[in-house]
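Here's the structure, in structure tokens; my notes come after.
The values are calculated or read from the model by the stated rules, or taken from the named source; none is laboratory data. Just so you know, these numbers come straight off a predicted model, no measurement behind them. Don't worry about glycine lacking a Cβ; one is built from the backbone with ideal geometry, like all the others, and counts go over all protein chains shown. The accessibility values were calculated without ligands, DNA or RNA, using every heavy atom of the protein model including side chains. Shrake-Rupley method; radii C 1.70, N 1.55, O 1.52, S 1.80 Å.
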Amino acid sequence: MPAPLSTNNPAFVIRPAAERFHSSHDWLDSWHSFSFAGHHHPNWMGFGPLRVINDDTIAAGRGFGMHPHRDMEIITVMIEGQINHRDSMGNSGVIRAGDVQRMTAGTGIVHSEINEGHTPCRLLQIWIEPTSAGLQPAYEQRQIPAGNGWSQVLNPDASEGAMAIARPARLWRGQIEAGATLPWPKPLSGSAWLQIIDGHLALEGANAAAPKTLSRGDGLGFPGDTPPGAALKAITKSDALLFELLH
């Protein structure tokens, strides 16, 4: 049973990788940071408007057939391999490692995600609640430059090379070489969620009671304003997502 939020220090929320919900099928291995599908816990319904972070590994030749969504911002971050996307808006293409896809489901979309490659693929699927319901559906896909540092993925006004999102929220992907230190990308306002994709990191300059190390699959949330002096130090080469959920 996952630990309830009430056991966490009010300055932060920790979601250890091993305590996430887990779905395992012959073609899909999925770890859910928050309640999803048949997994439900009232204390893990999301983190503010951040409703879903699923870490999916999908076998070659398998995937999710056509299925509907509505009134949700859906982001797919490809980590390894590729996934083929088709939807009711007429979009069809391949999302490859390093690509990020954004969909505004709005009044309703139907889409499929099939691994038509020859090896398993890994992706993070993220759902964020939009500010308003009934939006016009939209689709965008972009290669996010990789490197040693933060790359902005989402921004409400699509500035700094980021894709737009129908929510006052921002998302960065940070890649860090072993031994390097990476401060927050900017002074953050509002709450924040850090999700470790790969590697092993030390957290510096945050709340004294916060965990000092984070590894693949760990999540760390700051319900209040994020500590301005916080930084990540890579013990091994590491990869992470940072969400800023604005007030």
Say the dipole of the chain comes from +1 at the beta carbon of Lys and Arg and -1 at that of Asp and Glu; which of 187, 53, 30 then lies farthest toward its positive end? 187
Multiply the residue gap between residue 110 and residue 180 by 0.36 nm, knock off their C-alpha separation, and tell me the result in nm, one decimal place. 21.0 nm
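Please compute the Kirkwood hydrodynamic radius over segment 51-91, one decimal place, Å, based on all pairs of different Cα atoms.
Hydrodynamic radius (Kirkwood, Cα only) of segment 51-91 equals 12.4 Å.
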As computed over segment 123-247, the Cα convex hull volume per residue (Å³): 108 Å³
Just the number, please: carbon plus sulfur as a percent of the accessible area of the chain, 1.4 Å probe, no ligands or DNA/RNA counted. 54 percent
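Work out how much length residue 92 to residue 25 would gain on full extension: take 0.36 nm times their residue separation and subtract the Cα-Cα distance, in nm to one decimal.
21.5 nm
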Most mobile of 104, 213, 57 in a GNM of the chain (Cα contacts under 10 Å): 213
Given contacts defined as C-alpha pairs under 8 Å and at least six residues apart, what's the relative contact order of the chain, whole-number percent? 18 percent
To make sure I understand the rule: partners must be aspartates and glutamates, Cα under 19 Å from the Cα of residue 186, and not fewer than 8 residues away in the same chain. Which ones qualify? 157, 160, 204, 225, 239, 244
Tell me the per residue accessible area of the chain using a 1.4 Å probe; a whole number in Å² is fine. 41 Å²
